[in-house]
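What follows is one structure encoded as structure tokens, with my remarks underneath.
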Amino acid sequence: MISGIISEIAKKLSQNKGTNPTFSIRKNDLWAYRRDDDNIFALASTLFILQQYASLLSVNQKKIFEDIQAQILAFYPNYQNKDGRLTYNFYPTQPSGHFPNGRLMRKFDHFRLPDDIDDTALIYLTSNYSKEQTLWLKSHLYGFTDQYAGVESGKIYSTWFGKNMPKEQDVCALLNLMYLFFKHHIDLDETDKNTLEFIGNSVDEIQNNPFKISRHYGHPALIIYHYARFIGENSYQILDQKKGLLIRFAKELLIKEKTKLFRILLEISLIKLGEKRIKSDLNFGTEKPFYSFIGAPFAPFQSPSLRFIAKKKWSQIFWKSEIHELALRLEYACLFQKQNIV
């Protein structure tokens, strides 16, 4: 199974070696809207997963993985900050390629995305960025913090690097950023601690208000997966204390979740949170669409009515990527194999 999946990822990469790669689609089925999409998120997310399990691969599988890794890393410079700073954008930057293959949003600067912490963190995590470069990034982030009402002392990191972009926090993006800081054993300052407190307090909202705490992921299974990915590798008291609640949420969601890949995410999360799992019926129920990322074009507007509209699925854009979905299946297979070996 693992060999077949990694070979399929390599095949899909080799089929799309042109100057305008489209390893994702963006869609909204209610509008009959579907566009090929050129973004770095799908590639960086795929590589991050593959790198976690490279040690479990056979010699031949590792050769395929190394080729995949080299191809993905070669794309990264196309998404680097347009002025040469070591931050990254969801879309190509030189020239700007926001919402490619579209008819409307690509024509307006309002929809041009600033660089963001999520893609930047994933690229740092999957590249050879040093601790010193990560410290530069951390310093740069201080210019894009936001007041957090949940703590007395002040500020937490925001999703976007743009000066004119409304401040917002997405717990999945913040967890990826914290994963990067913990990887380099960076001393935590007040902003880091505030951010981790915000992440910890947000666990309570996962089931009932997923869009509130993570409007770019927006699904409880995706959010739990990001918490489990961080907690499985790192320890921080406020998050360690939430482990039991995350396990409970994941098990409750598995009872009713009908999308296979969301179920796989929940199973991965439970294993990462220390639960012993047996192979279950991942095909339970009627298959519903899976997505790995959400765009809410109306969310940045200040109008309360437009922000209300932004929460509605008919107003959102959903991103899918076959290679990322294959990587998630590979992650489940590797974790299940590793669990049974241990």
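The values are calculated or read from the model by the stated rules, or taken from the named source; none is laboratory data. Small disclaimer: the values here were computed from a predicted structure and weren't measured. Ideal geometry is used to build each Cβ from the backbone, glycine not excepted, and the neighbour counts take in all protein chains shown.
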Mind checking whether some residue in segment 228-240 is farther than 26 Å from GLN51 by Cβ, in contact with a helix residue (DSSP H, G or I) (Cβ under 9 Å, 6 or more places away or on another chain) and modelled with pLDDT of 95 or more?
yes
Flag if LEU47 is closer than 21 Å to SER321 by Cα and either at pLDDT below 95 or out of contact with any strand residue (DSSP E or B) (no Cβ under 7 Å at 6 or more places or on another chain) (or both)
yes
Looking at ASP37 and the list (1) within 22 Å of the chain's Cα centre (by Cα); (2) farther than 15 Å from SER292 by Cβ; (3) among the charged types (D, E, K, R), which single condition is not satisfied?
(2)
The residue that is surrounded by the most Cβ atoms within 10 Å (Cβ to Cβ), considering only those in segment 5-31 that are at pLDDT below 90 and of a type in the set (Gly, Ala, Ser), is SER14
Residue list for segment 125-182, filter: under 17 Å from the mean Cα position of the chain (by Cα) and β-branched (Val, Ile, Thr):
THR126, THR159, VAL171
Of everything in segment 121-148 that's outside any helix (DSSP H, G or I) and modelled with pLDDT of 95 or more, which residue is farthest from PRO77 (Cα to Cα)?
SER130
Scanning segment 207-231 for residues that are under 16 Å from the mean Cα position of the chain (by Cα) and part of a loop (DSSP other than H, G, I, E, B), which turns out surrounded by the fewest Cβ atoms within 10 Å (Cβ to Cβ)?
ARG215
Evaluate segment 35-42: report whether one residue or more is under 20 Å from PHE75 (Cα atoms), out of contact with any Cys (no Cβ under 8 Å at 6 or more places or on another chain) and assigned to a helix (DSSP H, G or I).
yes
Could you please give the count of residues in segment 235-280 that are of a type in the set (S, T, N, Q) and either crowded, with 16+ Cβ neighbours inside 10 Å or outside any loop (DSSP other than H, G, I, E, B) (or both)?
3
Give the residue, chosen from ILE271, ILE278, that is at pLDDT 90 or above, β-branched (Val, Ile, Thr) and over 16 Å from PHE211 (Cβ atoms).
ILE271
